[in-house]
Amino acid sequence: MDNHRLKLTDSADRDFKYIYDEFHPKILRYITNLVGEFEAEDLTQDIFAKVSQALADFRGESKLSTWLYRIATNAALDRLRSPAFKQTAQRNTPSPNAEDTDLEIDDRNIWTGELVPIPETQVVRKEMSACVQDYIRRLPESYRTVLALSEFECLSNQEISDILGVTIGTVKIRLHRAREQLKKDLIENCPSYWVDGNEYLPDLKDL
């Protein structure tokens, strides 16, 4: 329902409930791709608190989604640049070990708690996704943001331009460079059988 130009009604609470229900999963996914899972839930709640406070001043001069993603982007960039976040991110960056490897290969039956094997294709897919997510978060902020908006949020270059306040040309350049850098990082650092001949090079939209 985005043709989203919010029509403010007689109930700001009702408007905010609609916004929260409609956009919370999208904003959470976007924020997760920018700052990681450890920070994403709390930051997303902070973002919607800001949205609630600012809602009365929203006049529909831009699309609702553009306005929301702009607030979310600014909040994420502020968090990424904070010294506290950088220290926390370093402490919570997982390092591969034997236990982690087992968790990649096995899962538990939710009813019995019994460990059951995951099909090999799902294991590969899960590992590929983890590798891609890790290297996305290593990209410069300007690349990471446009990549997340384009590949995971499926927004157009015009929408990304409106959200970030940059030209469409700048969006295209950043996207090209982000994809090239990510591809280079995956080839150099992820298992070679994923990328040899590009047979296993992941399509970001499918992750």
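The values are calculated or read from the model by the stated rules, or taken from the named source; none is laboratory data. Predicted model only: the values in this text are computed from it and were never measured. Every residue, glycine among them, receives a Cβ derived from its backbone with ideal geometry; neighbour counts consider all protein chains shown.
Taking region 151-176 as the region of interest, how many residues are part of a helix (DSSP H, G or I), in contact with a Lys or Arg (Cβ under 7 Å, 6 or more places away or on another chain) and either within 22 Å of Glu39 (Cβ to Cβ) or modelled with pLDDT under 95 (or both)?
Qualifying residue count, region 151-176: 3.
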Being out of contact with any Phe, Trp or Tyr (no Cβ under 8 Å at 6 or more places or on another chain) and of a type in the set (A, V, I, L, M, F, W, C) is the filter; apply it to region 151-174 and report the residue that is surrounded by the most Cβ atoms within 10 Å (Cβ to Cβ).
Ile160
Working only within region 63-74, note down all residues that are crowded, with 17+ Cβ neighbours inside 10 Å and touching a residue at least 40 places away in the same chain (Cβ under 8 Å).
Lys63, Leu64, Ser65, Thr66, Leu68, Tyr69, Ala72, Thr73
Any idea which residue in region 46-76 is nearest to Pro140 (Cα to Cα), counting only those that are modelled with pLDDT of 95 or more and of a type in the set (A, V, I, L, M)?
Ala76
Out of all the residues in region 177-206, which are at pLDDT 70 or above, farther than 21 Å from Asn157 by Cβ and assigned to a helix (DSSP H, G or I)?
Lys184, Asp185, Leu186, Ile187, Glu188, Asn189
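Tell me, which residue of region 27-45 that is surrounded by fewer than 17 Cβ atoms within 10 Å (Cβ to Cβ) and not aromatic (Phe, Trp, Tyr) is farthest from Arg137 (Cα to Cα)?
Gln45
When you look at Ala148, is it at pLDDT 75 or above, surrounded by 14 or more Cβ atoms within 10 Å (Cβ to Cβ), assigned by TED's automatic domain parsing to the domain that holds Cys190 and on the phi < 0 side of the Ramachandran plot, yes or no? It would help to see each step written out before you state the result.
Details: at pLDDT 75 or above: yes; surrounded by 14 or more Cβ atoms within 10 Å (Cβ to Cβ): yes; assigned by TED's automatic domain parsing to the domain that holds Cys190: yes; on the phi < 0 side of the Ramachandran plot: yes.
Criteria met by Ala148.
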